[in-house]
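Asker: Once you've had a glance at the structure underneath, I'll fire off some questions.
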Amino acid sequence: MPCSLVARRVTQPDRESAASALPSGEEAHFRALESLYRSAPINRLFRSQLTIPEEGRSIIHFDVDETQFHAAGAVHGTVYFKMLDDAAFYAANSLVSDRFLLTTSFNLLFTRPIGPGRIRAEGRWISGRRRVYVAEASLIDADGEEVGRGTGTFMRSQFPLSSLPGYAD
């Protein structure tokens, strides 16, 4: 049986198709918030990464070591607060695409001491969609145990997200 050559033609995607591959709308907002988190000077002190998988949720993975310990050999409460506040904040700000939110109050519950290792902060939006937002967060250690939790209230600020360098990048 004779073989025949089949001509193949490959076309490049048009510019509109290529542009549609970039995130837009909600997805673009989530990626911009993740960029904003990375750009914050305070995060140079913490080895952490924020992910916003969907509206009203955030996850921060971070590493702790002895440099963050208090005198009794466990992680200092400032680390609990920072990671819980950030997780709850970004869960709430994922619902707001025009303004930066501000923390107006935050309550902590220290469940267990944290030793060195990988920790996960999970934030969840609870209520509010206009002026005040309520969100909570949990800290989960490498063994899957909750080591802390917090609930915060957040309100819209006068700062447009689009004016913040990390968000606009």
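Asker: Out of the residues in region 87-96 meeting the condition of being open to solvent by 10 Å² or more (accessible area, probe 1.4 Å) and touching a Leu at 6+ places or on another chain (Cβ under 7 Å), tell me which one is nearest to Ala135 (Cα to Cα).
Answerer: Step by step, filter region 87-96, then rank; the result is Phe89.
Asker: Shifting gears a bit: So for region 45-62 (the condition being part of a strand (DSSP E or B), over 13 Å from the mean Cα position of the chain (by Cα) and not hydrophobic (A, V, I, L, M, F, W, C)), does at least one residue qualify?
Answerer: no
Asker: Considering every residue within region 103-112, establish whether at least one is part of a strand (DSSP E or B), under 24 Å from Pro53 (Cβ atoms) and touching a residue at least 60 places away in the same chain (Cβ under 8 Å).
Answerer: For region 103-112, residues part of a strand (DSSP E or B), under 24 Å from Pro53 (Cβ atoms) and touching a residue at least 60 places away in the same chain (Cβ under 8 Å): absent.
Asker: Hey, another quick one. Tally up the residues in region 109-157 that are among the aliphatic types (A, V, I, L, M) and open to solvent by 60 Å² or more (accessible area, probe 1.4 Å), please.
Answerer: 4
Asker: What are the pairs with Cβ atoms under 6 angstrom where one residue, in region 36-55, is under 23 Å from Ser97 (Cβ atoms) and the other, located anywhere, is open to solvent by 60 Å² or more (accessible area, probe 1.4 Å)? Sequence gap at least six, or different chains.
Answerer: Going by the 6 Å Cβ cut-off, the qualifying pairs are Gln49/His61.
The values are calculated or read from the model by the stated rules, or taken from the named source; none is laboratory data. Not measured: the values here are computed from a predicted model. As a convention, Cβ positions derive from the backbone with ideal geometry for all residues, glycine included, and neighbour counts pool all protein chains shown. What goes into the accessible areas is simple: the full protein's heavy atoms, side chains included, and nothing from ligands, DNA or RNA. Shrake-Rupley method; radii C 1.70, N 1.55, O 1.52, S 1.80 Å.
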